[in-house]
Structures are given as C-alpha cells and as structure tokens.
1. Residue pairs, Cβ under 6 Å, 6 or more apart or interchain, first in the stretch 85-96 and in contact (Cβ under 8 Å) with a residue 12 or more places away in the chain, second hydroxyl-bearing (Ser, Thr, Tyr) and not in a loop (DSSP other than H, G, I, E, B). List them.
2. If you check residue 101 against the conditions, is it touching a residue at least 60 places away in the same chain (Cβ under 8 Å) and among the charged types (D, E, K, R)?
3. Of the residues in the stretch 23-70, how many are aromatic (Phe, Trp, Tyr) and in contact with a Phe, Trp or Tyr (Cβ under 8 Å, 6 or more places away or on another chain)?
4. Assess whether residue 44 counts as being exposed (fewer than 15 other Cβ atoms within 10 Å of the Cβ), of a type in the set (Asp, Glu) and not assigned by TED's automatic domain parsing to the domain that holds residue 143.
5. Residue 90: among the small types (Gly, Ala, Ser), part of a loop (DSSP other than H, G, I, E, B), surrounded by 14 or more Cβ atoms within 10 Å (Cβ to Cβ) and more than 15 Å from the chain's Cα centre (by Cα), yes or no?
6. If I go through the stretch 13-34 residue by residue, how many of them are surrounded by 13 or more Cβ atoms within 10 Å (Cβ to Cβ) and either over 22 Å from residue 176 (Cβ atoms) or basic (Lys, Arg) (or both)?
7. Which pairs do you get when a residue that is closer than 23 Å to residue 100 by Cβ and in the same structural domain as residue 158 (by TED's automatic domain parsing), found in the stretch 182-195, comes within reach of a residue that is part of a helix (DSSP H, G or I) and of a type in the set (Val, Ile, Thr), reach meaning Cβ atoms under 6 angstrom, with the pair 6+ apart or on two chains?
8. Among 61, 76, which is the only one that is touching a residue at least 60 places away in the same chain (Cβ under 8 Å), outside the structural domain of residue 186 (by TED's automatic domain parsing) and surrounded by 23 or more Cβ atoms within 10 Å (Cβ to Cβ)?
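The values are calculated or read from the model by the stated rules, or taken from the named source; none is laboratory data. Only a predicted model underlies this, so the values are computations on that prediction, with no experimental measurement involved. In this analysis, Cβ positions are derived from the backbone assuming ideal geometry, glycine residues included, and neighbour counts consider all displayed protein chains.
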Amino acid sequence: MAFKLPPLPYSENALEPHISARTMSFHYGKHHQAYVTNLNNLIEGTDLETRSLEDIIRSTVSDTTKVGIFNNAAQVWNHTFYWHSMAPNGGGEPQGSLREKINKDFGSFEEFAKLFKQAGVGQFGSGWAWLVLAKDGHLKVTKTANADLPLIHGEHALLTCDIWEHAYYLDYQNRRPDYVDVFLKNLANWDFAQKNFEE
C-alpha cells in the first residue's frame, strides 16, 4: 500500500493572515507531497512496503543504508503532525489538565512559551520545536534538526512548530522569532495537544 498525502484539517487559506494560502500551497502541496512521493519510491519492492509509517521510522533510524527512507518517512510524519498542531483561531493558552501540567512542570504558561520560542529561534538551520511528554512523565520543550523527531527518543509529541525556512519564509522572510510568536499566539491547536496529552 503506497502512502498518500493526508488531507489538511482545514482549507489552504484557513490560517490567513498568519500563514498565507501561498505558503500552504508550496509547503503542503509541494514539500509534503515530495516527501510522500520519495518515500513511496524508496520503499517500493522492499519489506518496508507494507509497514506503518511509525514502524518504518523506527526500523530505519540507525541504519546508515536507509537514511533517505528515514528522512522522508519522518518528514511525512512531522508535517502531518504540524498541520494538526495549528488551527484557525488557534493560539492563546491551553485549558484543563494540560494547562495544570504546564503550570506544574514549567512554573507557568509564560515560562513554557518563552522556552518554546527559544527552542524555535535557537535551532540552527532547519528543524522543529516541540512540546513533548518525556519518558520520566514530565513535559519538556525540545528542538530537533532536519527530520529528527521525538518518536525515536521515546518521547510523546504533543505539539510542534516547523522551523524549516519553507514553513515561514514567504510570509516572514528572515523573521523567525515573529513566526514562532504568531504560532503561539494565533495558531497553536491546544485541543490537539490536549488530546495527545490524554493519550
């Protein structure tokens, strides 16, 4: 079974004015699609062809002969997770049990937001900023480079912000701090994060 580009959870213009339909068209329609196409081409005719995306990621992460497969599989996963990490009229602050856990583990939502922004802005080159539930049961903010993701570190992803340049450059140019700020204030899908936390 070949992988397919998963549908967006909203229309390409739904995140405007924060992320433009033009950015979404390139990012989703070209970049994400390319990862799906590349992955299908790389696993065709191999024993990975029938495996789940998560299985492919886990089984190729430390195999130097399968770097291309890992990179494309992880980027398919990361991007799908990123689209759901945003919502029209998102942003603000979480409620309920996730809010309580953020306050407990970070001291306050403001402290979490500061660390998340630092992770996004401070990632050298391309990558991702994450809110994760760590193996020890605590929430933490992490950043990963390129296609790296919490899944292979035994962490449970709750929310992510894509900080590859193609995620924001058409709308924000070199102003990555502004983009991460807007992500937290106007786009972050806390209902999605809460659902991931409860799981």
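1. Filtered contacts from the stretch 85-96: 85/160.
2. Values: touching a residue at least 60 places away in the same chain (Cβ under 8 Å): yes; among the charged types (D, E, K, R): yes.
In short, yes.
3. Taking the stretch 23-70 as the starting set, the residues that turn out to be aromatic (Phe, Trp, Tyr) are 26, 28, 35, 70.
Remaining after also requiring in contact with a Phe, Trp or Tyr (Cβ under 8 Å, 6 or more places away or on another chain): 28.
Final tally of qualifying residues: 1.
4. Details: exposed (fewer than 15 other Cβ atoms within 10 Å of the Cβ): yes; of a type in the set (Asp, Glu): yes; not assigned by TED's automatic domain parsing to the domain that holds residue 143: yes.
Yes; evaluated as a whole, the condition is true for this residue.
5. Here the answer is yes, as residue 90 does meet what is asked.
6. Number satisfying all stated conditions: 6.
7. From the stretch 182-195, no pairs qualify.
8. Working: 61 fails: surrounded by 23 or more Cβ atoms within 10 Å (Cβ to Cβ).
Only one candidate qualifies: 76.
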